[in-house]
Amino acid sequence: MPPVRSNGLDLKSISSQKKVELYNPREQQWSSHFTGSEDGTRIQGITACGRATAIALKLNNPYAVAVRQAWVSAGWHPPEES
């Protein structure tokens with residue numbers, strides 16, 4: 001699989017090799033692009049935009065996953081639906 005490189009604004013989708021914009025929290029709803037794993041420790045992109053953003057921002061790096069695990073253990077994560 002070729003590396004995915006970010007120019008800060010968008011990435012190429014791994015599956016289609018087409019340019020994909022990254023998630024913009026000012027314009028898009030989180031729940032439209034991401035979901036959490038069953039155990040609450042990983043963030044999964046459910047759209048090309050979400051998947052590209054998760055890769056570009058390394059949302060599931062070992063440190064982030066460990067922190068989320070601690071939050072789950074403390075009962076702080078996942079957040080309640082609003």
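The values are calculated or read from the model by the stated rules, or taken from the named source; none is laboratory data. Given the structure is predicted, the values throughout are model-derived calculations rather than measurements. Ideal geometry is used to build each Cβ from the backbone, glycine not excepted, and the neighbour counts take in all protein chains shown.
Exactly one residue out of ALA66, ALA70, ALA52 is of a type outside the set (D, E, K, R), at pLDDT below 95 and not in a loop (DSSP other than H, G, I, E, B), and it is ALA52. From the set of residues in the stretch 8-44 that are hydrophobic (A, V, I, L, M, F, W, C) and loosely packed, with under 14 Cβ neighbours inside 10 Å, which is modelled with the highest pLDDT? Here the answer is TRP30.
Checking each residue in the stretch 16-33 for being part of a loop (DSSP other than H, G, I, E, B) and either under 11 Å from ALA48 (Cβ atoms) or out of contact with any helix residue (DSSP H, G or I) (no Cβ under 8 Å at 6 or more places or on another chain) (or both) picks out SER16, GLN17, LYS18, LEU22, TYR23, ASN24, PRO25, ARG26, GLU27, GLN29.
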